[in-house]
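Q: The following block contains the structure, expressed as structure tokens.
The values are calculated or read from the model by the stated rules, or taken from the named source; none is laboratory data. No experiment lies behind these values; they were computed from the predicted model shown. Heads up, the Cβs are rebuilt from the backbone with ideal geometry, glycines too, and the neighbour counts pull from every protein chain shown. Note: accessible area is taken over every heavy atom of the protein model, side chains too, but ligands, DNA and RNA are not part of it. Shrake-Rupley method; radii C 1.70, N 1.55, O 1.52, S 1.80 Å.
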Amino acid sequence: QIGALPMAAAPGVGQPNVVLFLRDLTEARRLETMRVDFVANASHELRTPLASLSGFIETLQGPARDDERAREQFLGIMRTQAQRMTRLIDDLLSLSRIELREHVPPTQLVDLRRIARQLVDEKAPLAAERGIALTIQAPEGPFPVLGDRDELLRVVENLVENALKYGGGGGLVEVSLEREEGSDSRPPHLVLAVRDQGPGIAPEHIPRLTERFYRVDTASSRQQGGTGLGLAIVKHTLNRHRGRLAVESELGRGTIMRVVLPEHRPGDRADSRSLNPS
Ligand code: ADP
């Protein structure tokens with residue numbers, strides 16, 4: 001929107017000065033559209049399992065009332081649908097909590113190596129179930145960042161779970177850590193990478209992966225119990241940590257998701273803390 005406000009003529013200038021107020025409403029409109037889309041998507045995602053639940057309840061009260069086998073089968077499906085709704089609500093709440101504190105820098109001194117190790121240990125049974133070797137590679141020494149331990153655990157959990165879910169079964173999922181040297185203008189960074197040997201992601205999808213509810217393959221995401229919010233949560237958490245997510249993928253070869261975070265160095269804020277489990 002462009003507004004024009006005539007000003008008193010400046011001395012010595014024949015024409016009145018005009019101060020133009022340029023107000024760009026495009027950004028505000030974009031945000032509003034995103035908000036409306038988000039509410040519509042979230043409602044749709046909740047309505048689908050709810051409609052299924054209502055359908056099964058009606059069938060159980062009517063035609064399947066006395067069918068013992070059908071009852072068992074339907075109750076199983078209803079349980080899955082209820083779990084799906086719970087996961088979705090949990091993810092929606094996580095996302096809104098993270099967005100609320102996105103501008104508050106985290107202050108715990110966290111060792112990324114411990115985070116990676118904990119996640120690999122926790123996900124080992126799931127990996128084994130899927131015939132995937134889940135490994136960790138890291139040079140000696142701590143990988144210190146200023147962060148929120150629970151939020152960073154959640155980030156790595158999302159990436160490892162995605163690698164196990166979409167990694168195509170079998171093969172290898174590797175979590176690795178490395179340090180990127182800094183330069184005069186850029187401090188050193190730590191990189192936690194999760195690499196899989198799955199089908200990969202086509203280049204046109206990559207820029208959109210962190211959008212809420214964006215899925216490359218909706219059916220496969222739903223079947224795997226995905227909410228479509230995992231990478232959006234990752235993105236907002238990393239914003240809060242002054243970090244970023246970098247995605248590299250090749251169709252037929254696999255995907256590497258890299259979490260890049262500024263390294264915490266002695267002399268930085270919070271350096272008096274020790275790298276205890278925080
Ligand atoms: P979801 O809950 O569906 O897993 P995410 O936000 O975590 O949602 O991921 C978004 C989409 O990105 C997924 O639905 C999937 O299609 C794709 N994706 C994520 N990680 C991988 C991966 N390692 N390999 C292939 N596709 C992936």
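Q: How large is the convex hull of the Cα atoms of the range 34-80 per residue, expressed in Å³ as a whole number?
A: Once divided by residue count, the hull of the range 34-80 is 52 Å³.
Q: Can I ask one more? I want to verify the translational diffusion coefficient of the range 128-240 in µm²/s; compute it with Stokes-Einstein, Rh as the Kirkwood radius over Cα pairs, at 4 °C and 1.567 mPa s.
A: Result for D is 83 µm²/s.
Q: Could you work out the relative contact order of the chain? I mean the mean sequence separation of Cα pairs under 8 Å and 6+ apart, divided by the number of residues, in percent.
A: 17
Q: Here's something else I'd like to know. Can you give me the three principal axis dimensions of the range 28-134 from its C-alpha atoms, in Å, biggest first?
A: The principal-axis extents, from largest down, are 60, 47, 21 Å.
Q: Treating the angle as unsigned and between 0 and 90°, give the value, to the nearest 10°, between the Cα long axis of helix 149-166 and the longest Cα principal axis of the chain.
A: 60
Q: Still on this structure, I have one more. Cβ under 13 Å from residue 175's Cβ, residue 175 left aside: what net charge do those residues give with Lys, Arg +1 and Asp, Glu -1?
A: Net charge in that neighbourhood comes out at -1.
Q: Got the relative contact order for the range 137-201 handy, in percent, Cα pairs under 8 Å and 6 or more residues apart?
A: 35
Q: Evaluate the relative contact order of the range 201-248 (contact order divided by residue number), counting alpha-carbon pairs under 8 angstrom at least 6 apart; express in whole percent.
A: The normalised contact order for the range 201-248 reaches 33 percent.
Q: Let me ask another. Taking the alpha-carbon centroid of each part, what is the distance from the range 94-129 to the range 23-57 in angstrom?
A: 27
Q: Where the accessible area of the chain is counted over protein heavy atoms with a 1.4 Å probe, how much of it, in %, is carbon and sulfur? Before the final figure, lay out the partial values.
A: Details: 8660 of 16430 Å².
So the carbon and sulfur contribution to the accessible surface is 53 percent.
Q: Per-residue ellipticity at 222 nm for the chain, helices alone: DSSP H runs ≥ 4 residues times -39500 (n - 2.57), over residue total, nearest 500 deg cm²/dmol? Show your work: numbers first, answer last.
A: Details: 6 runs with 122 residues, N = 278.
Theoretical 222 nm ellipticity from helices: -15000 deg cm²/dmol.
Q: Using a 1.4 Å probe, what is the accessible area per residue for the range 34-109, in Å²?
A: Accessible surface, normalised per residue, equals 69 Å².
Q: Please give the FRET efficiency for residue 118 paired with residue 58, using the beta carbon to beta carbon distance and R0 = 41 Å, rounded to the nearest 0.05.
A: So, using R0 = 41 Å, E works out to roughly 0.35.
Q: Also: What is the diffusion coefficient of the range 125-166 in µm²/s, taking the Kirkwood radius over Cα pairs and the Stokes-Einstein relation at 25 °C with a viscosity of 0.890 mPa s?
A: It comes out at roughly 201 µm²/s.
Q: Another one. Along the range 193-202, what does the Karplus equation 6.51 cos²θ - 1.76 cosθ + 1.60 (θ = phi - 60°) give for ³J(HN,Hα), rounded to whole Hz, x for Gly and Pro?
A: 3J(HN,Hα) across the range 193-202, in whole Hz: 10, 10, 10, 10, 10, x, x, x, 10, 5.
Q: Here's a follow-up. What full-extension length gain, to one decimal in nm, is calculated for residue 184 and residue 244 as 0.36 nm per residue of separation minus the Cα-Cα distance? Don't jump to the answer; show the numbers that get you there.
A: Values: separation 60, 0.36 × 60 = 21.60 nm, distance 2.01 nm.
Between residue 184 and residue 244, full extension yields an extra 19.6 nm.
Q: Same structure, new question: Could you go through the range 116-121 in sequence order and give the Karplus-derived ³J(HN,Hα) for each residue, using 6.51 cos²θ - 1.76 cosθ + 1.60 with θ = phi - 60°, rounded to whole Hz, and x for Gly and Pro?
A: 4, 4, 4, 5, 5, 5
Q: Around residue 173, which amide H atoms from residues at least 5 apart in sequence, or from another chain, sit under 5 Å from its own amide H, with H modelled in the peptide plane?
A: The answer is 133, 134, 135.
Q: When the scattering of the chain is computed by the Debye formula from its Cα atoms alone, each counted once and equally, what is log10 I(q)/I(0) at q = 0.09, 0.10, 0.13 Å⁻¹?
A: So the normalised log intensities are -0.57, -0.67, -0.97.
Q: Ok, one more. State whether the range 94-153 is rounded, prolate or oblate according to the following rule on the C-alpha gyration tensor (a ≥ b ≥ c being the square roots of its eigenvalues): a/c under 1.5 gives rounded; otherwise a/b larger than b/c gives prolate, and the remaining case gives oblate.
A: Here the range 94-153 falls in the oblate category.
Q: Taking the alpha-carbon centroid of each part, what is the distance from the range 184-229 to the range 151-167 in angstrom?
A: Each part reduced to its Cα centre gives a spacing of 10 Å.
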